[in-house]
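Some notes on the structure that comes next.
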Amino acid sequence: MRTEKFTFPGHDGAELAARLDLPDGPHLATALFAHCFTCGKDILAARRIAARLTAAGIAVLRFDFTGLGHSGGEFENTSFTSNVTDLTRAALALTARGMKPSLLIGHSLGGAAVLKAAPEIGAGAVVTIGAPAAPDHVVHNFKDTVDRIARDGVAEVNLGGRPVRIGRGFLDDIAEASLQSAIRSLGAALLVLHAPRDKVVGIENAQQIFIAAKHPKSFVTLDDADHLLSRGADAEYAADVIAAWAQRYLTLTPPAPPVGAPEGVVRVVEADPDGFLQDVTSGPSHHALADEPLAYGGTNRGMSPYGFLASGLGACTSMTMRMYARRKGWPVTGIRVDVTHDKVHAQDASTGTSEKIDTFRREIEITGPLDADQRAKLLEIADKCPVHKTLEASSRIETTML
């Protein structure tokens, strides 16, 4: 994905720092991401979700709330209400650029903020990740310091290994803030993601949010993930779920395929530099993972490259036979194609050389009341499938370095 630095004025006029992640291909929609309490825009979950959404054509703006990360202002002077205002200011900045957000994503307290801001922003879809049902839930993170904050007006607390200053205004604000009416009047599709073993925000919060919301609403468990989705696999799973779910509720008009490529463009992006996992997209609508088996240093989370090649041959074979049988009106009730791939010595294939060549073996099963001549004809038609012809012919691969 392409990333641009982006700034906009927050609730008190201070400049807030943001990253605008853009699709390499056509821009189909825009998402606004709100990070967890005192975290920042560059946490693993935010990066993984942004990467997955941009692969689907959805731009993502993630920013640091006032006083955090690279944003200006003083955190001790902020509140839950100011976070909500920062979100609406971010939405206004995107709208001014012609990129009005239609998807809001909030992690932890950021999830509570997007629920509160959603009716004003007018997004069509909202996602919460490990969100509390009430903003004052965050107090348990620094409950031993609450009395000192109330007495002195401000105090420094340690959250996630970093010191931050929290003011009395923050405590007063979250004590009065309520999400119930905002959730009931959300006016958007809602996806609630939560881990049952989340030790920071209990699963009962997800239940309260889900019950208060009106349909359409969905809940997906994050199983044994931690609150911050610190494991890459958990962040990727959440990203995949959000990307798939959002496409049902956002208006994503697929672009016309490039001239000369009627099937569109297949883009492969490395997803794991330490292994072999690849993120594969075909246009804006189709997504898959490619990988290698564990024995070859991969994580076995997707088909191997040769697996994709064999599946292309098998799928094209089945489609070609079905098309022919349909045109002839033959009673074919089912088609199964098993494809295996191997490298054999060319001399074994009667080519007269000792080099190795690729051999694909197909086992085809056709069900239905067909006679011998019809079956023989369909077997002949299998050899006419376009992928079969491509594999048999000499192909040329042209490569350019961008």
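Worth pointing out:
- Annotation note: of P254, P284, the sole residue that is modelled with pLDDT under 85, part of a loop (DSSP other than H, G, I, E, B) and surrounded by 19 or more Cβ atoms within 10 Å (Cβ to Cβ) is P284.
- Applying the criterion of at least 2 residues that are without any contact (Cβ under 8 Å) to a residue 60 or more places away in the chain and surrounded by fewer than 23 Cβ atoms within 10 Å (Cβ to Cβ) to the strands (runs of 3 or more DSSP E) found wholly in segment 1-86 leaves 2-9, 15-22.
- Scanning segment 221-238 for residues that are free of Cβ contacts under 8 Å to residues at least 60 places away in the same chain, assigned to a helix (DSSP H, G or I) and surrounded by fewer than 18 Cβ atoms within 10 Å (Cβ to Cβ) turns up just one, A233.
- Scan of segment 92-114 for residues that are open to solvent by less than 10 Å² (accessible area, probe 1.4 Å), more than 29 Å from E156 (Cβ to Cβ) and not in a loop (DSSP other than H, G, I, E, B), ordered by number: L94, L103, L104, I105
- Candidates V269, V241, filtered to the one that is open to solvent by 50 Å² or more (accessible area, probe 1.4 Å), within 19 Å of V60 (Cβ to Cβ) and either modelled with pLDDT of 90 or more or in contact with a helix residue (DSSP H, G or I) (Cβ under 8 Å, 6 or more places away or on another chain) (or both): V269
- Listed by first and then second residue, the pairs linking a residue in segment 180-206 that is open to solvent by less than 70 Å² (accessible area, probe 1.4 Å) to a residue that is hydroxyl-bearing (S, T, Y) and assigned to a helix (DSSP H, G or I), with Cβ atoms under 6 Å apart and 6 or more places separating them unless they lie on different chains, are A189/Y249.
The values are calculated or read from the model by the stated rules, or taken from the named source; none is laboratory data. Remember, predicted model here, so these are calculated numbers, not experimental data. Please note: Cβ atoms are built from the backbone with ideal geometry, for glycine as well, and neighbour counts cover all protein chains shown. Remember, those area values only see protein heavy atoms, side chains included, never the ligands or the DNA or RNA. Shrake-Rupley method; radii C 1.70, N 1.55, O 1.52, S 1.80 Å.
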